[in-house]
Every structure is written in structure tokens, then in C-alpha cells.
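Worksheet: the structure to be examined is printed underneath.
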Amino acid sequence: MSDRRPRLLLMSPLPPPTGGIPTWTLGVLGSELCERWEVRVVDTSPSQKTAVHGESRLRVDRVLDALRILGGLLWQLLRFRPDVVHVNTPYYWAFLRDGTAVWLASLLGTRTVLHPRGGDFAEFVEGARPVPRRWIEATLRRTDRCIALTGANQRFLESTVGPDRVRYVPNFVRLEDLGEPPDRTGHEGPVEVLFVGWILQAKGVRELLAAARGLPGARFTLVGAPQQDFLESIRGELEAQRDHLRILAPRPREQVLELYRRADVFVLPTWREGFPAVVLEAMAAGLPVVATPVGAIPDLVKDGEEGLLVPPRDPLALEGAIRRLTESPQLRQSMGGRARARVEAHFSLEAVIDQLDGVYRELVQRD
């Protein structure tokens, strides 16, 4: 390496849309990493606004976007000449694009980092047909480093490519964005229960509505982009609960952060997940969390410590957990305090950026 700063190329989405990976990208771009590295981004966000879907679909517009994105990657590889390319992938159909990006960068002599962003990556690989699965596994072996977001994904990746090429790096939260948690000890009025995420069946929204039906004394706010077909299917339930439940369209991040500060309980009854940034943000805001033990959530929330974990697709268990917190201000306060302390200790932006920097430097120091 010369005296110049090493060069990092992120292949990652930028807002819009909002979501965990674009938020991660903005956090990295605003961190000290950009003082240590010269950083550029190939934006993998869709070129047009499309409807929200609860499943991955191969569509013509996505194929065209993939060709555009790979063209942008090739341009940066030839002109910017990065030392490391970090590919964030939501996998499923997007892995065709992202895996191709790994091969393209590798063939041009650039070190690569592949970062699967969901919690069920092993299921995705193992469920693929034989020929695609062999290509996926060959892509993993071609990658210089794989980043695991969950313990399960770490074990799977290590069994595929070897432990020396896998690093566990969690997501992060910018504590300064949330500030110090507000004092909720003198709370008056209905307990505020907050959900932030896509309004989809797979996020457990139907179960949340069923739980809310049994808790008319609490007030529920759901914030996120809806899948229109699903939204139509729950309109009757929304109308029946309009006195204590509302769905808000996506809004600027500053407004979402304010909703965390006004809330008393955070809930995410999702069926599948990676490493949800919304759970970290809620914990940083001093909120107890009710969630399902999927993806990295059990790595964040210890049942009975920072919150309560319930089985997926179980509205009665969800209702019971929320009820337990709504009826005990002391429990909310103690769990929320432990949640904030856990984030400060393990998931701050500064701590995670140091880990990322270490992964990249392992690769450039090989030269």
C-alpha cells in the first residue's frame, strides 16, 4: 500500500427507500470510517418506486436495475480502483446481481466482502435447486470475507467457507440520534405501543392487530410502507380499532425518532428477520421490546431482561407479553434501562465501525 488512504467501494442501497440497509449505509458514510478510507457507493436502490411485496420476485424492472447497477460497479472498478468492495445483499433474486458483483470484482483483482443481510441465509442456500446452490456456494468461496449478522448465519458460513474467512459484525445505532432516553416514570394516559416496519403479513401485523383487539386501553401506532393487498385485507380490522390504533405512512427519520421517544413499548412480531435496526433504535430510546426470537433478535434482546420474546404467529402470547408491560410501569422502566445499557456496550456506531475497519484492513494488509 502507498501513503494514500485505502479505497472502499460499498455496493449498498441509499434512501429512498427507507429500511435497515439504507440506514446502515448512511451511518457508515457519516462515520469516522470515511476519514480512514476513501469511500464511494454504488447505489443498489431501485430506480423507480414499486409496490411493497412480502416475497422476492424476479421482474423485468429489477433485471434492468441489476444491469444498470453492475455497469456502475464496473465503471467504479476501472476508474476508482478500490482496494475492497463490500457487497450488501438481501439475497433471494438479488443474489444473482450481488453474486455477479463478487465475481466481477474478484476477477479484476479486488478484495471482496459479502454481507448477507437477512437472518435466514442458510435456509435460502439450502433451499435452492442443485445448480443455483452450487453457484451460490462457489460465490461464497470466491469471497475474501463473509460478514455474519446472526450466530446461525455465522455457523452456516463457517461450515461452507471455513471460520478464517467469516467475521461476525452486528448492526449499529447512532446513539446521538436518539439522545438520552426520556424520563417515563411519570407517565399518564394510555400506554403507547409502537411498531416500525413494513406493513406486511410476514412482519406479524395481523397478529399485532389481534393482540391490540384485546388491549383497548393501550394506544397502538404502526409506522411503515404497506403492501396494498395486505392493507386491503385488514381494513375492516383497522376500522374496528380506529379509536386506539393507527397506521402512519413512512415519514422522515427525525419524526420516527420522535415517535420512539414518545412510546412506552416497542413491538416487532415478525416471522423472519435479519438484524433489525428498528429494535436497536427502540432499545437505544430506552424502550422495552416485545419481539419474536428470529434472526438476530435473540442476540439483542434477552427474554425477561431487555424485553419479552414470544413465538411467531401467536397472537395470544403477543397479547400477553404486551399486557404484562402495559400493566407494570416499573417493569417497563427496568427493561428499558437495561436495553439502553446493552446498546451502549455492544452496538454503538463507533464500536461496530472499528470492527468493519478491522475486516477491511485484514484484506489490504495481505498485499
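The values are calculated or read from the model by the stated rules, or taken from the named source; none is laboratory data. Quick caveat: nothing in here was measured; it's all calculated off a predicted structure. Please note: Cβ atoms are built from the backbone with ideal geometry, for glycine as well, and neighbour counts cover all protein chains shown. Ligands, DNA and RNA are excluded from the accessible area calculation, which covers all protein heavy atoms including side chains. Shrake-Rupley method; radii C 1.70, N 1.55, O 1.52, S 1.80 Å.
Determine, from the Cβ-Cβ distance of residue 138 and residue 180 and an R0 of 51 Å, the FRET efficiency 1/(1 + (r/R0)^6), rounded to the nearest 0.05.
The formula returns an efficiency of 0.55 here.
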Label 7 Å along Cα→Cβ of residue 346; the stretch 300-325 residues with amide nitrogen under 11 Å? 300-303, 306
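Would you mind getting the accessible area per residue of the chain, heavy atoms of the protein chains only, 1.4 Å probe, in Å²?
Details: 16320 Å² over 367 residues.
Accessible area per residue, the chain: 44 Å².
Taking the Cα centre of the chain as origin, work out the dipole magnitude from +1 charges on Lys and Arg Cβ and -1 charges on Asp and Glu Cβ, in debye rounded to 20. Walk me through the numbers on the way to the answer.
Values: 48 positive and 47 negative charges, 219 e Å.
Here the chain has a charge dipole of around 1040 debye.
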What shape does the stretch 243-367 have by the C-alpha gyration tensor, where a ≥ b ≥ c are the square roots of the eigenvalues, rounded means a/c under 1.5, and otherwise prolate means a/b greater than b/c and oblate the rest? prolate
Residue 104 versus residue 63: modelled label distance in nm, points set 7 Å from Cα along the beta carbon direction: 1.7
Quickly estimate the mean residue ellipticity at 222 nm for the chain, helices only: each DSSP H run with n ≥ 4 gives -39500 (n - 2.57), and the total goes over all residues, rounded to 500. -13500 deg cm²/dmol
Please return the longest stretch of the chain lacking exposed loop sites, where GluC sites (Glu not before Pro) count only if DSSP places them in a loop and at most 16 other Cβ atoms lie within 10 Å. 56-187
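Between residue 240 and residue 253, what is 0.36 nm times their sequence separation minus the Cα-Cα distance? Round to one decimal in nm.
Numbers: separation 13, 0.36 × 13 = 4.68 nm, distance 2.92 nm.
Gain in length upon complete extension: 1.8 nm.
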When the chain is treated as a Gaussian network with springs between alpha carbons less than 10 Å apart, the largest mean-square fluctuation among 120, 83, 177 is found at 177
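For the chain, which whole-number percentage of the solvent-accessible area (1.4 Å probe, protein heavy atoms only) is attributable to carbon and sulfur atoms?
Values: 8420 of 16320 Å².
Roughly 52 percent of what the probe reaches on the chain is carbon or sulfur.
Which shape class applies to the chain: rounded if a/c is under 1.5, otherwise prolate when a/b exceeds b/c and oblate if not, where a ≥ b ≥ c are the square roots of the Cα gyration tensor eigenvalues?
Values: a/c = 1.99, a/b = 1.62, b/c = 1.23.
Cα axes put the chain in the prolate bin.
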Fluctuation leader among 86, 187, 115 - the chain, Gaussian network, Cα springs under 10 angstrom: 187
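Checking the a/c ratio against 1.5 first, then a/b against b/c, what shape does the Cα gyration tensor give for the stretch 81-195? Write out the running numbers ahead of the final one.
On the way: a/c = 2.77, a/b = 2.04, b/c = 1.36.
Prolate, because a/c is 1.5 or more and a/b exceeds b/c.
Would you mind working out the magnitude of the charge dipole of the stretch 161-290 relative to its Cα centre, with +1 at each Lys and Arg C-beta and -1 at each Asp and Glu C-beta, to the nearest 20 Debye? List each step's numbers first, then the result.
Numbers: 16 positive and 18 negative charges, 59 e Å.
Using only the charged Cβ atoms, the result is roughly 280 debye.
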Once ligands and nucleic acids are excluded and a 1.4 Å probe is used, how much of residue 108 is accessible, expressed in Å² to the nearest 10? 90
